[in-house]
Amino acid sequence: MRSIPRLATTAVSALALALPVAAVGTAQAAPVTASGVSPSVASVASADVLARKAKGKIKLKKAKPGTHYGLAGNKITAQVRGKGKVTFSVAGTKVKKKVKKGKASFRLPIELTPGTYKVKAKFKKQKGQIKTIVWDSALAVNAATFTISQSTPSYDYPELLGSVKFKGVAPSEGYVDIYKDGKNKGGSGSENYCCMSSVTEGGAFRFGGSTFLGRVAEMGPGTYQFKAFYTPTSSFDEYIYSQWITVTVVP
């Protein structure tokens, strides 16, 4: 059995002698950095540090680029590993949300005034932050309650007037639609759709007596609620909406 190692050693020695001298002479020591560490080792160490730092960060996502003042706040979602609660903080307010299926979500308070906000999140030793904006937008109406009689001609009903401010600017174009119960899903094809008015210079819009209240009168006696929605384009991708508009119809 001891003859096997001797044969292996003899074979390696013979192979070494067979190698060209030039090939043996090209072997060099690995270069080192000023700190005495080879570049390859340094790069591996650097990558390891970055990986550890990445593990210490929480990945945050926002549902929208921004939201509008007075309307539902932006939804921020944290993606984490493990069980527990994520602590969200914004504008001095802290809220804890339970992790479910690797995610925890927080909706910004509706009371936030227009501006840019930094939302922070903390989960165990991990931290993260993301910026979101609250735009200065509003849809105002001249009256929020109406009482009309079916015995009155619709052209004698009062007008619904209003103005729009969208992302800090009074638009000179766009559309205002009115929907019963504030349900605008389905657009003009919805059974809740009432009527539409174009927005003019200064963000103004107008619904004549027969255009809005006249159609409500056709629903019969009762009390109904509506919301007016503004969208800047015909694509209806983004809305802001008014307060509740209550209309009471009597015989």
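The values are calculated or read from the model by the stated rules, or taken from the named source; none is laboratory data. The structure presented is a predicted model; accordingly, all values stated were derived computationally and were not measured. Neighbour counts are summed over all protein chains in view; Cβ atoms, including those assigned to glycine, are modelled from backbone coordinates with ideal geometry. Each accessible area value is taken on the protein alone, full model and side chains, heavy atoms only, with ligands, DNA and RNA left out. Shrake-Rupley method; radii C 1.70, N 1.55, O 1.52, S 1.80 Å.
Among the residues in region 95-108, are any at pLDDT 95 or above, over 23 Å from Gly56 (Cβ atoms), basic (Lys, Arg) and in a strand (DSSP E or B)? Checked against the condition, which is being at pLDDT 95 or above, over 23 Å from Gly56 (Cβ atoms), basic (Lys, Arg) and in a strand (DSSP E or B), region 95-108 yields at least one hit.
Restricting Lys118, Lys85 to residues that are at pLDDT 95 or above, within 30 Å of Leu139 (Cβ to Cβ) and open to solvent by 80 Å² or more (accessible area, probe 1.4 Å) narrows the list to Lys118. The combined condition, being under 13 Å from Lys59 (Cα atoms) and either at pLDDT 95 or above or open to solvent by less than 50 Å² (accessible area, probe 1.4 Å) (or both), is not fulfilled by Thr113. Residues in region 121-156 that are surrounded by 16 or more Cβ atoms within 10 Å (Cβ to Cβ) and either of a type in the set (Gly, Ala, Ser) or in contact with a Leu (Cβ under 9 Å, 6 or more places away or on another chain) (or both): Ala121, Gly128, Ile130, Thr132, Val134, Ser137, Ala138, Val141, Phe146, Ile148, Ser154. Taking the criterion of being part of a loop (DSSP other than H, G, I, E, B) and either over 30 Å from Ala138 (Cβ atoms) or open to solvent by less than 20 Å² (accessible area, probe 1.4 Å) (or both), the residues of region 72-82 that qualify are Gly73, Asn74, Val80, Arg81, Gly82.
When you scan region 177-251 for strands (runs of 3 or more DSSP E) that lie fully inside it, which ones turn up with 1 or more residues that are open to solvent by 70 Å² or more (accessible area, probe 1.4 Å) and at pLDDT 95 or above? Here the list reads 193-198, 204-207, 222-231. Residue count for region 134-151 satisfying the condition of being touching a Phe, Trp or Tyr at 6+ places or on another chain (Cβ under 9 Å), under 24 Å from Ala217 (Cβ atoms) and not in a strand (DSSP E or B): 1.
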